[in-house]
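J.: A single structure is presented below for examination.
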Amino acid sequence: MQHPDFELYDNVGRTSEQIAAAHFGIATRDDLLRWARRDAEPFLTEHPLPSEPLPAPDAAPYLAALAAAQTPAEVSAITQHLLDAAQPALSAVSDLLVSIARWGNRHRGAEQGAPPKMLLEAASRSLSVLALADEADLAVLRDEYDPAPRPASKTTPSLPPAPPVPPPAGPKPGR
C-alpha cells in the first residue's frame, strides 16, 4: 500500500492545472504550447514573426488630460481621441483573427463553440470594445446636452367629467 500522503508530496511545486491534468491524463496548456513551438520551429525559421509585443500606446497624455478635465465635453474629447488611436490596431487584430479562423476553410460548417467560430467571435468582440466605449461616451454627452424631458407632475390622467345624474322618471313616492 502506498503512503497516504504520497500524492500530497508528489504535487509539491505543481500548479492546480498540472495536478488536474495528471489526474485526468490530459495535457496542460503549457504542454500544448511547448509541443506546438517545437513542431513549428522549422516553419518559423522560414517565416520569422516579430517576437516583441505590439507597441502599446503612450497612456501618459491621456491620463494627464483626464486629470485636468472638468466637463463631460473634455472627457469625451479624450475618449474619442483614444478610440481613434486604438481603432487601427484593434481592426488589424480583428482582421488577423478572422484570417486565422478562415484558414483551410475550417470555419465553413463549423458548429457553435468550435475553434473557428470562437476565433470569429473573438474578432468581433475586439471591435465591440470600440463600439461599447463610444456608446458610453455618447450616453454621457446625451445626459449633458440633450437630457430626456422631465415627466410632468405625478397627477392622475385627466378623465372627462362624469355624466350628470338623470332625474328620476315617474312620480315621487308620497307619504
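J.: Kindly state, to the nearest 0.05, the FRET efficiency for residue 133 paired with residue 22, given R0 = 41 Å and r defined as their beta-carbon distance.
T.: 0.45
J.: 7 Å from Cα along Cα→Cβ at both residue 141 and residue 122: what's the point-to-point distance in nm?
T.: The modelled label-to-label distance comes out at 3.3 nm.
J.: Could you sort 30, 134 by their accessible area in this structure, using a 1.4 Å probe and putting the largest first? Could the numbers behind the result be given before it?
T.: Values: 30 90, 134 50 Å².
From most accessible down to least: 30, 134.
J.: Now a separate question. Going by accessible area, probe 1.4 Å, with all protein chains left in place, what is the ranking of 90, 130, 138, 159, largest first? Each step should come with its number before you reach the end.
T.: Values: 90 50, 130 25, 138 90, 159 145 Å².
The most accessible residue leads, giving 159, 138, 90, 130.
J.: Could you calculate the FRET efficiency of residue 43 with residue 93 from 1/(1 + (r/R0)^6), where r is the beta carbon distance between them and R0 is 25 Å, rounded to 0.05? Walk me through the intermediate numbers first.
T.: On the way: r = 22 Å, r/R0 = 0.86.
Calculated value: 0.70.
J.: Considering amide H positions built from the backbone, and no H for Pro or chain starts, which residues 5 or more places from residue 14, or on another chain, come under 5 Å of its amide H?
T.: For residue 14, whose amide H was placed from the backbone, there are no distant partners under 5 Å.
J.: Continuing with the same structure: Using a 1.4 angstrom probe with every protein chain in place, what is the largest-first accessible-area order of 26, 78?
T.: 26, 78
J.: Pop out the ³J(HN,Hα) list for the range 47-64 in order, Karplus 6.51 cos²θ - 1.76 cosθ + 1.60 with θ = phi - 60°, rounded to Hz; leave Gly and Pro as x.
T.: Karplus-based 3J(HN,Hα) across the range 47-64 equals 10, x, 10, x, 9, 8, x, 4, x, 8, x, 6, 7, 4, x, 5, 5, 5 Hz.
J.: Taking the Cβ-Cβ separation of residue 66 and residue 162 as r and a Förster radius of 45 Å, what is the calculated FRET efficiency to the nearest 0.05?
T.: 0.15
The values are calculated or read from the model by the stated rules, or taken from the named source; none is laboratory data. Given the structure is predicted, the values throughout are model-derived calculations rather than measurements. Backbone-built Cβ (ideal geometry, glycine too); neighbour counts: all protein chains shown. We work out accessible area using only protein heavy atoms, side chains counted, and drop any ligands, DNA or RNA first. Shrake-Rupley method; radii C 1.70, N 1.55, O 1.52, S 1.80 Å.
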